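The values are calculated or read from the model by the stated rules, or taken from the named source; none is laboratory data. Source: prediction; values computed, not measured. For neighbour counting, all protein chains shown are included, and Cβ atoms are generated from backbone atoms with ideal geometry for every residue, glycine included. Side chains included, ligands, DNA and RNA excluded: accessible areas come from the protein's heavy atoms. Shrake-Rupley method; radii C 1.70, N 1.55, O 1.52, S 1.80 Å.
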Amino acid sequence: MRVRLIEGGSLPAYADRIGQVYADVFSSPPWNEDRSTGALYVERLAADAGRPGFTAALALEADTVGGFATAWTTPGTFPSGRSYGPVAEALGPDRTAAWLCGGLEVNELAVAPAARGTGLGAALLSAVTETAPDGRCWLLTYAHAEAALGFYRRAGWHPVPVAVPRRPGLVVLLGPDHPAAAGLAPR
């Protein structure tokens, strides 16, 4: 499979296959989402493609999508919906602004079960983060997603040692070249 950056306007051509990978990955443990979330993700993806700094990468071979990753630039005014408010509360306003705002947020990364262990996850992650301003990229995952957390750690990502209020087990990770990562406790 080959990893390619895809423009947001080109994503609809791959929507069904992206939705299938999403459902295959996130309906399995530890996520255990309903398979219908694949279709809901495709709807959300269409809106996300319009975000400033949006980037997407697909692992493609012929008509097969083996995985995908999406990211976008975090706004200068940090969002408050979903998990953002608790993350900002955990980090405090100064670290939130300095570490996350204007940085590249990796929103989703999924590799089809049949394509795992092939290096696609690392290639997809690299593809969407290679243009992160000053290496400032970050993401959220959960501690109970041990395989995902282990993958990010092996890729050089740094967990921020803070408890996120109202989101037990939510983990903030800074990318390998994030300037603030050097000051974090050893992994």
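Regarding Gly67, is this residue under 18 Å from Gly8 (Cβ atoms) and open to solvent by 60 Å² or more (accessible area, probe 1.4 Å)? Please lay out each step first, then the result.
Details: under 18 Å from Gly8 (Cβ atoms): yes; open to solvent by 60 Å² or more (accessible area, probe 1.4 Å): no.
No.
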Report summary line: With the first residue restricted to segment 73-95 and required to be of a type in the set (A, V, I, L, M), and the second required to be surrounded by fewer than 16 Cβ atoms within 10 Å (Cβ to Cβ), Cβ contacts under 6 Å at 6 or more apart or on different chains are Ala90/Val162
**Report entry** Check on Gly183, over 14 Å from the mean Cα position of the chain (by Cα) and not hydrophobic (A, V, I, L, M, F, W, C)
**Finding:** yes
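Kindly indicate whether Tyr14 is of a type in the set (Phe, Trp, Tyr) and under 18 Å from the mean Cα position of the chain (by Cα). Even if it seems obvious, please write down each step before you answer.
Values: of a type in the set (Phe, Trp, Tyr): yes; under 18 Å from the mean Cα position of the chain (by Cα): no.
Answer is no for this residue.
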Query raised in the report: In segment 100-120, how many residues are touching a Phe, Trp or Tyr at 6+ places or on another chain (Cβ under 7 Å) and over 26 Å from Gly38 (Cα atoms)?
Result: 3
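Any residue in segment 28-51 that is within 21 Å of Gly175 (Cβ to Cβ), crowded, with 16+ Cβ neighbours inside 10 Å, out of contact with any Asp or Glu (no Cβ under 7 Å at 6 or more places or on another chain) and touching a residue at least 12 places away in the same chain (Cβ under 8 Å)? Working first, answer last.
Residues of segment 28-51 within 21 Å of Gly175 (Cβ to Cβ): 48, 51.
Subsequent filtering for residues that are crowded, with 16+ Cβ neighbours inside 10 Å retains 48, 51.
Of the ones still in play, those that are also out of contact with any Asp or Glu (no Cβ under 7 Å at 6 or more places or on another chain) are 48, 51.
Now restrict to residues that are touching a residue at least 12 places away in the same chain (Cβ under 8 Å): 48, 51.
Yes: segment 28-51 contains one or more residues that are within 21 Å of Gly175 (Cβ to Cβ), crowded, with 16+ Cβ neighbours inside 10 Å, out of contact with any Asp or Glu (no Cβ under 7 Å at 6 or more places or on another chain) and touching a residue at least 12 places away in the same chain (Cβ under 8 Å).
Please determine whether any residue of segment 24-34 is part of a helix (DSSP H, G or I), touching a Gly at 6+ places or on another chain (Cβ under 7 Å) and not acidic (Asp, Glu).
Taking segment 24-34 as the starting set, the residues that turn out to be part of a helix (DSSP H, G or I) are 24-26.
Now drop any that are not touching a Gly at 6+ places or on another chain (Cβ under 7 Å), which leaves none.
Scanning segment 24-34, I find no residue that is part of a helix (DSSP H, G or I), touching a Gly at 6+ places or on another chain (Cβ under 7 Å) and not acidic (Asp, Glu), so the answer is no.
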Query raised in the report: How many residues does segment 52-64 hold that are surrounded by 15 or more Cβ atoms within 10 Å (Cβ to Cβ) and at positive phi?
Result: 1
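For segment 10-19, give me each residue that is in contact (Cβ under 8 Å) with a residue 12 or more places away in the chain and surrounded by fewer than 18 Cβ atoms within 10 Å (Cβ to Cβ).
Taking segment 10-19 first, the residues in contact (Cβ under 8 Å) with a residue 12 or more places away in the chain are 11-12, 14-19.
Hits for segment 10-19 are Pro12, Ala15, Asp16.
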Query raised in the report: Condition test on Ala110, is it touching a helix residue (DSSP H, G or I) at 6+ places or on another chain (Cβ under 6 Å), in contact (Cβ under 8 Å) with a residue 60 or more places away in the chain and farther than 29 Å from Ser27 by Cβ?
Result: no
